[in-house]
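S.K.: My structure is below; once you've seen it, I'll send some questions.
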Amino acid sequence: MEGVAHIFTPLNAAWCGWTMLFLMLCAVISELMQPGVISQTGASLRVRTERVYKDAPTNYLSQFLITLFRVGTLAIAIYLSLYSGGRFTFGTFAALCGIIFIVALVKMAGDALTDYTFMLSRRFSPVYEHYANIITITSCILYPCVLVLLRFGNTVASRWVLGATVVLFFVLWIYRASRHFVNSPLAVLYFILYICTLEFLPLGLLLYLSSKTINYL
């Protein structure tokens, strides 16, 4: 009806469908340009080799596209989980993508400082590769869940899905990273400190900033 203000929710916001289509295209094109960047990431959970898709040179455009897929999928999943009503806008989604990017930079700076302080380059290098693979796996799990939640708009279910995915991510990450860092009882303590300061703390910061952004916008 003319003259009636429309409030866009996850159920009727057209930008959601176009954004999800764009993210899917990013993932598909990335896989086509760098075969194995998605399809073989699961194999990294079973072997010690960090790059399981042969020794092909890194395709930076492919890496950029898969990064867009990861960030966008995570951003819209967080948006759905923290959304409690009102407008569901692309501007807020874009702001969440920016927050994810900034928190990722802060985490990378913390990792680099830890690497420099304790001289763990030989251990960090393969762990970074496994970390990227696990993020890709969890993003691929989140993507169909987000599609379903956008269709039905169940906030409670959104929070459970995001929570379960976060738990899965940390279980996989701790499993893989522990194989590189934990080699003595003292190393277990260091590894726990690392997880708390450079994993849980950035996650808490991400959720806090996301919640404030959604409430503000």
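S.K.: Mind checking which residues of region 63-89 are of a type in the set (S, T, N, Q) and under 16 Å from F22 (Cβ atoms)?
M.R.: Narrowing region 63-89 to residues of a type in the set (S, T, N, Q): 63, 67, 73, 81, 84, 89.
Hits for region 63-89 are T67, T73.
S.K.: Hey, among R123, R48, which residue is of a type in the set (K, R), outside any loop (DSSP other than H, G, I, E, B), more than 20 Å from R159 (Cα to Cα) and modelled with pLDDT under 85? Walk me through how you get there before you give the answer.
M.R.: Values: R48 fails: outside any loop (DSSP other than H, G, I, E, B).
Testing whether each residue is of a type in the set (K, R), outside any loop (DSSP other than H, G, I, E, B), more than 20 Å from R159 (Cα to Cα) and modelled with pLDDT under 85 leaves just R123.
S.K.: Then there is this: Filter region 192-217 down to the residues that are assigned to a helix (DSSP H, G or I), touching a helix residue (DSSP H, G or I) at 6+ places or on another chain (Cβ under 8 Å) and of a type in the set (A, V, I, L, M, F, W, C) and list them by number. Walk me through how you get there before you give the answer.
M.R.: Taking region 192-217 and keeping what is assigned to a helix (DSSP H, G or I), we get 192-216.
With touching a helix residue (DSSP H, G or I) at 6+ places or on another chain (Cβ under 8 Å) added as a condition, the list becomes 194-195, 197-199, 202-203, 205-207, 209-211, 213-214.
Within region 192-217, I195, L198, L203, L205, L206, L207, L209, I214 meet the criteria.
S.K.: Okay, next question. Looking at the structure I just gave you, is L21 more than 17 Å from A132 (Cα to Cα) and at pLDDT below 80? Lay out the reasoning, then the answer.
M.R.: Values: more than 17 Å from A132 (Cα to Cα): yes; at pLDDT below 80: no.
No: the conditions fail for L21.
S.K.: Another one. Looking only at region 57-104, filter to residues that are touching a Ser or Thr at 6+ places or on another chain (Cβ under 7 Å), polar (S, T, N, Q) and surrounded by 14 or more Cβ atoms within 10 Å (Cβ to Cβ); which one of those is farthest from Y216 (Cα to Cα)?
M.R.: S62
The values are calculated or read from the model by the stated rules, or taken from the named source; none is laboratory data. Small disclaimer: the values here were computed from a predicted structure and weren't measured. Because the Cβ atoms are built from the backbone with ideal geometry, glycine has one as well, and the counts that use them run over all protein chains shown.
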